[in-house]
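The structure appears right after this line, and notes come after that.
The values are calculated or read from the model by the stated rules, or taken from the named source; none is laboratory data. Predicted, not measured: the structure shown is a model, and the values here were computed from it. Cβ atoms come from the backbone with ideal geometry, glycine included; neighbour counts cover every protein chain shown.
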Amino acid sequence: MRHRKNPLIIILCLLWLQPADADFVVRDVQASLVQQQLHVSTKIELNLSEQAELAVENGVPLVVLTEFALVRSGYFWDNTLFKHRNGKRLRYHSLSDRYVVEDLEVNGINTFNSVTEALQSMGVFRSLVFPLPQEIDANSPHYSLIVRSRLDINKLPAALRPLAFFSPSWQLSSDWTSWQITSQ
């Protein structure tokens with residue numbers, strides 16, 4: 001008896017084995033402490049894999065989280081004093097043939113002609129202001145801001161999550177990067 005190979009299984013295996021051709025990279029962060037407030041601006045390069053971009057074009061919204069943490073350097077370990085997450089959702093609106101970016105924190109919505117323009121917008125944060133605890137000394141040189149950006153797989157539709165958890169094409173994340181903070 002001869003067994004036939006299922007073409008769907010072959011296609012899924014090829015998609016599974018395909019290396020990730022995308023990445024997220026934190027390019028620039030400007031951070032300053034001003035009167036117990038942390039002022040932050042960023043530029044993060046976001047590049048989707050073919051599978052993630054195809055999912056967006058077929059109606060699957062993607063949420064990209066950008067995480068910020070204020071860290072004080074210590075002798076033996078670093079101490080995290082403040083953490084914040086900001087999410088932005090990317091979706092494609094097929095009727096208008098436009099990409100929609102929604103800032104989940106401030107409920108702001110912008111539309112773009114291409115996925116490239118939308119991703120550029122998602123990586124830019126201008127003039128974020130975070131109130132900080134009183135114990136932070138703005139004149140101390142021992143503070144740094146660490147930043148990373150990542151695709152939130154938990155926000156994908158339930159049917160897509162198992163594939164996303166195990167496929168390198170969906171493991172989209174920047175490394176944590178450390179940035180000096182200026183005081184004013």
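General observations
- The residues in region 28-65 that are more than 23 Å from Y92 (Cα to Cα) and under 13 Å from the mean Cα position of the chain (by Cα) can be counted, and the count is 1.
- Test for R72: is it touching a residue at least 40 places away in the same chain (Cβ under 8 Å) and basic (K, R): yes
- Taking the criterion of being surrounded by 19 or more Cβ atoms within 10 Å (Cβ to Cβ) and among the polar types (S, T, N, Q), the residues of region 168-184 that qualify are S169, S174.
- Complete set of residues in region 58-92 that are on the phi < 0 side of the Ramachandran plot and part of a loop (DSSP other than H, G, I, E, B): N58, V60, P61, S73, G74, Y75, F76, W77, D78
- Selection count where residues are closer than 27 Å to R161 by Cα and hydroxyl-bearing (S, T, Y), scope region 61-89: 1
- Residue count for region 140-164 satisfying the condition of being over 18 Å from the mean Cα position of the chain (by Cα) and more than 20 Å from S32 (Cβ to Cβ): 5.
- Tabulated pairs, region 138-162, first in a loop (DSSP other than H, G, I, E, B), second modelled with pLDDT of 90 or more, C-beta under 6 angstrom, 6+ apart or interchain: D152/V63; D152/L65; L156/A164
- Within region 96-127, restricting attention to residues that are at pLDDT 95 or above and of a type in the set (F, W, Y), the residue that is farthest from R150 (Cα to Cα) is F112.
- You will find that of L95, L128, the residue that is of a type in the set (A, V, I, L, M), closer than 18 Å to D28 by Cα and not in a helix (DSSP H, G or I) is L128 and no other.
- Evaluation of S167 against (1) at pLDDT 90 or above; (2) under 20 Å from L38 (Cβ atoms); (3) touching a Leu at 6+ places or on another chain (Cβ under 8 Å) (one fails), failing number: (2)
- Within region 1-47, the only residue that satisfies the criterion of being at pLDDT 95 or above and in a loop (DSSP other than H, G, I, E, B) is N47.
- Tallying residues that are more than 30 Å from Y143 (Cα to Cα) and in contact with a strand residue (DSSP E or B) (Cβ under 9 Å, 6 or more places away or on another chain) within region 21-46 yields 1.
- For region 162-178, the criterion of being closer than 22 Å to V29 by Cβ and touching a His at 6+ places or on another chain (Cβ under 9 Å) is met by none of the residues.
- Output for region 169-184, where each listed residue is polar (S, T, N, Q), in contact with a helix residue (DSSP H, G or I) (Cβ under 9 Å, 6 or more places away or on another chain) and part of a loop (DSSP other than H, G, I, E, B): Q171
- The residue that is surrounded by the most Cβ atoms within 10 Å (Cβ to Cβ), counting only those in region 80-124 that are more than 18 Å from the chain's Cα centre (by Cα) and touching a residue at least 40 places away in the same chain (Cβ under 8 Å), is F82.
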